[in-house]
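S.K.: Structure in structure tokens, see below.
The values are calculated or read from the model by the stated rules, or taken from the named source; none is laboratory data. Note that the structure is a prediction, hence the values are computed from the model and not measured. Glycine gets a Cβ as well: all are built from the backbone with ideal geometry, and neighbour counts include every protein chain shown.
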Amino acid sequence: MRIVKKIILVVIFVLISISLLIVGNAHDTYKQKLKEVPLTKKVAIIEKKSNYTKLKEVPQMYINAVISVEDHRFYNHKGIDIIAIGRAAVNDIKAMKFIEGGSTITQQLAKNIYFTQEKKITRKIAEAFMAFEIEKNYSKDKILELYLNTSYFGDGYQTVKEACKGYFNKELEDMTDYECILLAGIPNAPSVYSPTVNPDLARQRQRQVMKKMIEYGFLTEKEANRIEKKESLK
């Protein structure tokens with residue numbers, strides 16, 4: 001019995017040591033990224049984009065759709081969502097691979113401007129450190145604005161304004177509710193959900209976004225049906 005207890009203690013000690021090493025490396029990575037290019041400079045570069053879009057220019061329906069499908073607790077957390085991370089961890093363990101990240105909008109912004117799409121635990125932890133840094137220095141609305149200007153929408157469109165013009169040949173304020181919800185679903189997998197590449201999959205993704213909006217109280221079933229019916233009459 002004593003031998004078993006000793007083995008368990010050794011295993012726990014090894015796991016804690018490995019965890020501390022990983023977290024330490026992730027923190028060093030985060031600090032190095034900031035040293036190479038400070039956050040204020042990154043933001044200034046984004047704001048100089050020719051099609052940079054202010055949050056006040058974006059239709060509320062689009063904002064609601066993005067928050068619903070990407071991070072419905074966005075305005076309540078401080079950079080990471082423990083509940084989402086826990087759910088993602090359970091699903092990843094069940095699948096025995098990374099299938100769900102649990103990333104918040106702030107973490108996705110950190111990834112967009114500092115990291116790669118590579119799914120490594122060290123990068124995910126460094127991303128979390130960066131998310132805290134972003135939340136410490138910018139308001140929620142500014143973070144959301146920056147996220148909308150650093151997301152990739154497929155077909156070479158790097159901002160929400162570019163995507164709206166490219167896919168619908170419209171200015172942002174002229175987007176219909178249907179188009180807002182469709183556009184909000186694209187950045188999850190641009191090569192898959194681009195309307196010009198896979199219109200059927202884009203529509204399926206739109207339905208997923210709409211379901212999330214209903215689930216989190218941004219739309220009622222009646223409103224969702226009205227949006228779809230209005231589009232089908234065109």
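S.K.: Among TYR75, TYR138, TYR157, TYR152, which is crowded, with 19+ Cβ neighbours inside 10 Å and either out of contact with any Pro (no Cβ under 9 Å at 6 or more places or on another chain) or modelled with pLDDT of 85 or more (or both)?
M.R.: Values: TYR75 fails: crowded, with 19+ Cβ neighbours inside 10 Å; TYR138 fails: crowded, with 19+ Cβ neighbours inside 10 Å; TYR152 fails: crowded, with 19+ Cβ neighbours inside 10 Å.
Just one listed residue meets the conditions, TYR157.
S.K.: Within segment 167-193, count every residue that is more than 17 Å from the chain's Cα centre (by Cα) and either within 14 Å of PRO59 (Cβ to Cβ) or crowded, with 16+ Cβ neighbours inside 10 Å (or both).
M.R.: 12
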